[in-house]
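Notes for the one structure printed next.
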Amino acid sequence: MSWLGTAERIRVDRGTAAAPGPDAGPGGAPGLLPGLPRQRGGGATGAPAAGEGPNASGAAVRWRPWRLLPTPVGTPFTFGYAVLLAATSLFAEYADPGLVSELLRGSSTDVVHLAQAPLLVLIASALWIAGGMTSAYAVAFLFILTALERRIGALRAIAVFFGGHVLATLATELPVAFSVAAGRLPESSLHRLDYGISFGVMTCTGALAGLLPAWSRWPLLAGVGYLALTDLLAYVDPLSDWGHVLSLVLGAASWPLLRRWRSRRAAPAPLLGDLGHPALRGARTY
């Protein structure tokens, strides 16, 4: 073929590619090219699945209530921990009372046990629910930790829960040790029954509030904060009640870190194939 024929062939091909074909999008825009993600003017290929995004009329995303509860795949930490807590609660309810009492005393995070085996009692104390499976903290555990783990992942949810549990426990028990040493409290204060998941749940509640929209964040903090302060003013168990207030504050203090974690978790996956070539890294994609 001559040079003039080749030029004419190229001109005809370009004109054919510019004309809208049967796969063209609205307004005559060409259809998507195969194998290239995030292109402008996507048709049915880029449309959100049912129940996963707004529809064409701008309606809200369909609510899926089953996501409020933990699942083995979606929230493995919350699901597995809930099963473990259910087992220990049933054991505490139906096992020999003497054995249960001995185990609870051995799991207590009082000053004496913290001085003897700190790591053991910090873990063991979080294996029980004070008040059983019907307590308010048990119900809050399911919903709060499920929502938090879905937003930041299992490992980070573990860090928030046990970080709050450990810090709030030490912050409430160490002053007792110093007060006993100074003669301001009796030695009986070194031995007290202190166990449960309440510190971790309160920390996760404060942390979750920072990941929610403003219309639900502030009512959640106001309601939980009011309950914590009311219990503190009642002065029934001031040490634990101070720990609940402190745990909520610790969770709120973690907002900047949690938001950074969440942004990293929601970041798009790196492009594959030729789009990852160094020459295309600065190019804008759609």
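The values are calculated or read from the model by the stated rules, or taken from the named source; none is laboratory data. Worth saying up front: this structure is predicted, and the values here are computed from it rather than measured. Here the Cβ is made from the backbone with ideal geometry for all residues, glycine too, and neighbour counts use every protein chain on show. Just the protein is used for accessible areas: all its heavy atoms, side chains included, with ligands, DNA and RNA removed. Shrake-Rupley method; radii C 1.70, N 1.55, O 1.52, S 1.80 Å.
Among the residues of the stretch 159-174, write down those that are within 14 Å of Tyr81 (Cβ to Cβ) and open to solvent by 60 Å² or more (accessible area, probe 1.4 Å). Result: Phe162, single match.
Here Ala177 meets each of (1) farther than 27 Å from Thr88 by Cβ; (2) open to solvent by 60 Å² or more (accessible area, probe 1.4 Å) with one exception, condition (2).
Among the residues making up the stretch 140-155, those that are at pLDDT 95 or above and open to solvent by 60 Å² or more (accessible area, probe 1.4 Å) are Phe143, Leu155. Filtering the stretch 189-240 to residues that are open to solvent by 20 Å² or more (accessible area, probe 1.4 Å) and charged (D, E, K, R) leaves Arg192, Arg217, Asp231, Asp237. The residue list Gly251, Gly276 contains one member that is within 20 Å of the chain's Cα centre (by Cα) and either at pLDDT below 90 or closer than 14 Å to Leu148 by Cα (or both), which is Gly251.
Within the stretch 83-102, at least one residue is outside any helix (DSSP H, G or I) and open to solvent by 20 Å² or more (accessible area, probe 1.4 Å).
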